[in-house]
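The values are calculated or read from the model by the stated rules, or taken from the named source; none is laboratory data. The structure presented is a predicted model; accordingly, all values stated were derived computationally and were not measured. Heads up, the Cβs are rebuilt from the backbone with ideal geometry, glycines too, and the neighbour counts pull from every protein chain shown.
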2 protein chains.
Amino acid sequence: MNKDSAVVVFSGGQDSTTCLFWTLKHFRHVRAISFLYGQKHQKEVEIARKIAEKASVPFDIMTIPFISSLSKNALTDSTITMDQEKPQDNLPNTFVPGRNLFFLSIAAVYALEHGCDNIITGVSQTDFSGYPDCRDSFIRSLNVTLNLALEHQFVIHTPLMWLDKADTWAMADQLGVFDLVRTETLTCYNGIRGDGCGHCPACKLRKKGLEEYLKRKNTK
Amino acid sequence: MNKDSAVVVFSGGQDSTTCLFWTLKHFRHVRAISFLYGQKHQKEVEIARKIAEKASVPFDIMTIPFISSLSKNALTDSTITMDQEKPQDNLPNTFVPGRNLFFLSIAAVYALEHGCDNIITGVSQTDFSGYPDCRDSFIRSLNVTLNLALEHQFVIHTPLMWLDKADTWAMADQLGVFDLVRTETLTCYNGIRGDGCGHCPACKLRKKGLEEYLKRKNTK
């Protein structure tokens, strides 16, 4: 068992980039993987590659177009207008059913092949937008399922699970990558790097967290 | 919740064909899906399609080549000679890591999209050849994981879990499809339909079960 090596599920966004540097602090051997799954903004994978290169982390891309063919949603289908807020009785239409299930399952097989026992994901229950596959209970259940499926003891780490976006900015700052995360990552649903378009749900959440963190920092 | 509708994970082999007819007996609306995952014997999918047509069951094919790119194994890589028996200290090299995990996860998203709450798979712990993802504990854990991931209550049914191959032949006979299963399904690792090549591990297991069942039947 290699406790020193880890695979990061990495999209080049604020959360997973912060997780990448968290992992580099805690593990000796770190790899990162991104997914091409038919998302509208495929350039996030190029952004991920550049950040991984800068961090000297081996980087692989998994191509899994079946995810977008399985169901209709606003992240992979350009003809659907994105929900700006979570509808009262339903999941937001930006939910891609099974996305984290597939990302983490593929990460586990990849980890097995590369001799890594640790898997890191940036999911958070705090700002989870109603996505069931960002919740802690799902991650814990999946961890058991993956260990049974592959007869191997993996540990899934979720450093952001109980943090809000302001806490995540604080973590990036503590890790010395505040500026990198602020200017080089892509979180925006409209595909604009750094501070983004400013008005999509992802930008609003990121901006609110940033303002809270900066206020908190300046009043210390 | 639609307790009447079910999706069968269907490969056109003995086990999943028996499960298809079991499902037709127990559920009103039945669909079947097969997977193209880079297996050497892609014609199993054509065989599955023919059986589904004969049974008047809607049939879909999912193309997921990433499974064969994730790891080296004898079912997807022609340069590897198949293990004839389970090695003492290791899994047989016919194990495709995560295969049932991916098949059942995709089946769940497919079921969600088609309004089906039941998923049927022909895995069996009795003759499991050392594959961890055929065990009952894995299936139960996965069922919980899928329900959490998709926020929906699915039930995974495994009619063959505790049956050996002779019992499975008995079930096909009770369902009135003994001849169909014997002549039209493909279980053989060398891609020969019906009784197969006779000497690969899958054929040996199938043949042993058939002989046991016929003996049992004739001594009644």
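Some points to look at:
- Residue B:53 being closer than 26 Å to residue B:207 by Cβ and surrounded by fewer than 21 Cβ atoms within 10 Å (Cβ to Cβ): no
- Test: residue in the stretch A:210-220 that is crowded, with 19+ Cβ neighbours inside 10 Å and of a type in the set (S, T, N, Q): no
- Of all residues in the stretch B:116-131 being within 12 Å of chain A (Cβ to nearest Cβ) and crowded, with 20+ Cβ neighbours inside 10 Å, the one that is farthest from residue A:145 (Cα to Cα): B:123
- Members of the stretch B:1-25 found to be part of a helix (DSSP H, G or I) and out of contact with any strand residue (DSSP E or B) (no Cβ under 6 Å at 6 or more places or on another chain), listed by number: B:14, B:15, B:16, B:17, B:18, B:21, B:22, B:25
- Single residue of the stretch A:136-162 satisfying the filter (in contact with a helix residue (DSSP H, G or I) (Cβ under 7 Å, 6 or more places away or on another chain) and assigned to a loop (DSSP other than H, G, I, E, B)) that is surrounded by the most Cβ atoms within 10 Å (Cβ to Cβ): A:160
- Among the residues here, residue A:138 does not qualify as within 28 Å of residue B:146 (Cβ to Cβ), touching a residue at least 40 places away in the same chain (Cβ under 8 Å), among the aromatic types (Phe, Trp, Tyr) and within 14 Å of chain B (Cβ to nearest Cβ).
- Unmet criterion (only one of (1) within 14 Å of chain B (Cβ to nearest Cβ); (2) over 16 Å from the mean Cα position of the chain (by Cα)) for residue A:60: (2)
- The one condition in (1) assigned to a loop (DSSP other than H, G, I, E, B); (2) out of contact with any helix residue (DSSP H, G or I) (no Cβ under 7 Å at 6 or more places or on another chain) that residue B:125 fails to fulfil: (2)
- Of all the criteria given as (1) away from chain A (no Cβ under 13 Å); (2) not in a helix (DSSP H, G or I), the one not satisfied by residue B:48 is (2).
- Filtering the stretch A:29-48 to residues that are farther than 23 Å from residue B:67 by Cα and among the basic types (Lys, Arg) leaves A:40, A:43.
- Test: residue in the stretch A:26-37 that is assigned to a loop (DSSP other than H, G, I, E, B) and at pLDDT below 90: yes
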